[in-house]
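Structure first, commentary second.
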Amino acid sequence: MTTIQTENERLTAALSYAARGWRVLALHSIDSKGKCTCGNPHSGDTHAGKHPRWDRDLLPHGLKDASTDPATIRAWWQRWPTANVGIATGAASGLIALDIDPRHGGDDALDDLISEHGPLPATVESMTGGGGRHILFVHPGQYVKSNDAAVAPGVDVKGDGGYIVAPPSNHASGNVYTWELSSEPGALPLAELPAWLLDE
């Protein structure tokens, strides 16, 4: 379902994540024609609205500039009022994300893993604009590489050196990233990463 979100809501969200100690950064978004604001026709659905903005003074190093500083974050959204919101994963923010992509079999793969190892603990979870899920866990305190399909097809790990697109960002599909209502930040704490998942 498509939901209209305003730029101020994105700034408010970014500041709220920063207040939790999650490092955020400004990403490109989707324009009124359904295209990425980077203007690159080759960005496609895979990267549209998902890569970092750039400015020589404000955001010169992409993900390395992810910040919890309110003044920095406000300056980004003053410069780019429609920017999507990114959250750095890994030790930078103290979290790991499982990125479940149903287009590549992620739902079925996750079901298989749960059948083998047992259910995942209740934790913070968002629904992506593309119909997937981001399931968040506490960073385990050791290096966890961001790796596509590291766990299973369609089940990616967003760890150290990675990031996720966060609510209420917009998606090339016309949908909006949202928090799962019973699992949004503040509704419950991040769960510890299950040992079997860390092993995977």
> What do you reckon, is Gly159 within 22 Å of Pro52 (Cα to Cα) and either surrounded by 17 or more Cβ atoms within 10 Å (Cβ to Cβ) or of a type in the set (Asp, Glu) (or both)?
Replying inline: yes
> Does Val151 meet the test of being touching an Asp or Glu at 6+ places or on another chain (Cβ under 6 Å), more than 19 Å from Ala18 (Cα to Cα) and either open to solvent by 50 Å² or more (accessible area, probe 1.4 Å) or not basic (Lys, Arg) (or both)?
Replying inline: yes
> Out of all the residues in the range 121-141, which are surrounded by fewer than 16 Cβ atoms within 10 Å (Cβ to Cβ) and assigned to a strand (DSSP E or B)?
Replying inline: Val138
>> Among the residues in the range 9-27, are any exposed (fewer than 15 other Cβ atoms within 10 Å of the Cβ), touching a Gly at 6+ places or on another chain (Cβ under 7 Å) and either assigned to a helix (DSSP H, G or I) or at pLDDT 95 or above (or both)?
In response: yes
> When you go through Val165, Val144 one by one, which is the residue that is in contact with a helix residue (DSSP H, G or I) (Cβ under 8 Å, 6 or more places away or on another chain) and either open to solvent by less than 50 Å² (accessible area, probe 1.4 Å) or at pLDDT below 95 (or both)?
Replying inline: Val144
> When the residues of the range 157-174 are filtered to those that are in contact with an Asp or Glu (Cβ under 8 Å, 6 or more places away or on another chain) and small (Gly, Ala, Ser), which remaining residue is farthest from Ser32 (Cα to Cα)?
Replying inline: Ser173
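The values are calculated or read from the model by the stated rules, or taken from the named source; none is laboratory data. Nothing here was measured: the structure is a model prediction, and the numbers come from that model. Heads up, the Cβs are rebuilt from the backbone with ideal geometry, glycines too, and the neighbour counts pull from every protein chain shown. To get the accessible areas, we keep the full protein, side chains included, count just its heavy atoms, and leave off ligands, DNA and RNA. Shrake-Rupley method; radii C 1.70, N 1.55, O 1.52, S 1.80 Å.
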